[in-house]
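Participant: Have a look at this one.
Read-outs throughout are calculated quantities, based only on the coordinates presented, and are distinct from any laboratory measurement. Nothing here was measured: the structure is a model prediction, and the numbers come from that model. Note: ideal-geometry Cβ built from the backbone for every residue, glycine included; neighbour counts use all protein chains shown.
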Amino acid sequence: MPDLDIITAAFCSSYWGVYEVPSASGPGKHTVTLDGEAEAHCTCPGYEFSKADPPTCRHIKQVNREACLWNNAWGGQNEVKLEPIGYHYGPAHIKDMRCPNCAAHVCPKRVAV
């Protein structure tokens, strides 16, 4: 197994975003919450009854495709089609640094490379 280094990378705060995604089954929206450290959560029945590990649904997959999710460790520059309606931050912001993809705050996160 190769040696891994632990570095502090800069992650767009979109990794800690709360998103509203339109329902496919009718009017209304479902809320997808990203945690940056753990699995995403959705308020839809598909997520609640998902047999996947971790649970997922079409709304989470849409957020993964359409939210910024940039970081300087491995990129991830999606074309931003979904912006968070709010955030719940884990780590503090990196002072005077903004995401080069969407201009949101950037947060530090330890990663293995």
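Participant: Using the Karplus curve 6.51 cos²θ - 1.76 cosθ + 1.60 with θ = phi - 60°, what ³J(HN,Hα) values do you get for each residue of the range 43-57, in whole Hz, with x for Gly and Pro?
Facilitator: Along the range 43-57, the couplings run 8, 7, x, x, 5, 4, 9, 4, 9, 6, 10, x, x, 8, 6 Hz.
Participant: Follow-up question, since we're still on this one. Once the Cβ-Cβ distance between Ala9 and His88 is put in as r, and R0 is 22 Å, what FRET efficiency do you end up with, to the nearest 0.05?
Facilitator: That gives a FRET efficiency of 0.65.
Participant: Continuing with the same structure: Here are labelled values, (1) 37, 35, 32; (2) 45, 24, 23; (3) 45, 36, 22, and one is the computed Cα extents along the principal axes in Å for what I pasted. Which one?
Facilitator: Checked against the structure: label (3).
Participant: Here is a further query. To the nearest 20 Debye, how big is the dipole of the chain about its Cα centre, given +1 on the beta carbon of each Lys and Arg and -1 on that of each Asp and Glu?
Facilitator: That gives the chain a dipole magnitude of about 220 debye.
Participant: Given R₀ = 22 Å, what would the calculated FRET efficiency be for Ser25 paired with Asp53, taking r from the Cβ atoms and rounding to 0.05?
Facilitator: FRET efficiency, Ser25 to Asp53: 0.35.
Participant: Show that you can apply the helix-only estimate: for the chain, add -39,500 (n - 2.57) for every DSSP H stretch of four or more residues, divide by all residues, and state [θ] at 222 nm to the nearest 500.
Facilitator: -2500 deg cm²/dmol, from helical runs alone.
Participant: Between Ala9 and residues 5 or more places away or on another chain, which pairs have amide H atoms under 5 Å apart, with H built 1.01 Å from N, and which residues are they?
Facilitator: Those lying under 5 Å, H to H, from Ala9 are Lys109, Arg110, Val111.
Participant: Ok, one more. Using alpha-carbon positions, what is the distance between the centroids of the range 76-113 and the range 1-69, in Å?
Facilitator: The range 76-113 and the range 1-69 have Cα centres spaced 14 Å from each other.
Participant: Right, another one. Pick out, from His88, Ser23, Val111, the residue whose Cα sits farthest towards the positive end of the charge dipole of the range 6-112, with +1 on the Cβ of Lys and Arg and -1 on the Cβ of Asp and Glu.
Facilitator: The one lying farthest along the dipole's positive direction is Val111.
Participant: To continue, here is another question. When only C-alpha pairs under 8 Å and at least 6 residues apart count, what is the relative contact order of the range 6-112, in percent?
Facilitator: 37
Participant: Can you return the lysines within cross-link range of Lys29? Criterion is Cα-Cα under 19 Å, with same-chain partners fewer than 8 residues away left out.
Facilitator: Lys61, Lys81
Participant: Setting aside same-chain residues fewer than 8 positions from Lys95, which lysines have a Cα under 21 Å from its Cα?
Facilitator: Those lysines meeting the cut-off are Lys109.
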